[in-house]
Structure formats: C-alpha cells, structure tokens
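Undergrad: After the structure tokens below, expect a handful of questions from me.
The values are calculated or read from the model by the stated rules, or taken from the named source; none is laboratory data. Bear in mind the structure is a predicted one, so any value in this text is a computation, not a measurement. The area values use the complete protein model at the heavy-atom level, side chains included, leaving out ligands, DNA and RNA. Shrake-Rupley method; radii C 1.70, N 1.55, O 1.52, S 1.80 Å.
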Amino acid sequence: MSALNNPVIAVIVSLIISVAYFTLVDHYLMDMQGLDYWYLFRQ
C-alpha cells in the first residue's frame, strides 16, 4: 500500500481511471446519440 502514498503513482493511477471512465461514458452515451468523440481525430 506504500505505493499509493507516492503522489506520482497516485496521479498516474487517477489519470488511468479517469481516461477509462471517459472512454466508457463516450462509448455508451455517444453511441446512443449517434455521436462519436473520436470523430474529432479523423481527417
């Protein structure tokens, strides 16, 4: 558990969680609306 006391590791873990959460929300909500976040990256 000492790894969680390291602020760098805590930031990395929280970033991974937030990105995963955003991807899940984007996948389900955007698909229902016929939208896609990733269209921003398409040329």
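Undergrad: Report yes if ILE16 is modelled with pLDDT of 70 or more and open to solvent by 90 Å² or more (accessible area, probe 1.4 Å), otherwise no.
TA: Numbers: modelled with pLDDT of 70 or more: yes; open to solvent by 90 Å² or more (accessible area, probe 1.4 Å): yes.
Yes; evaluated as a whole, the condition is true for this residue.
Undergrad: Of everything in region 23-43 that's open to solvent by 90 Å² or more (accessible area, probe 1.4 Å) and within 14 Å of the chain's Cα centre (by Cα), which residue is modelled with the lowest pLDDT?
TA: Selected residue: TRP38.
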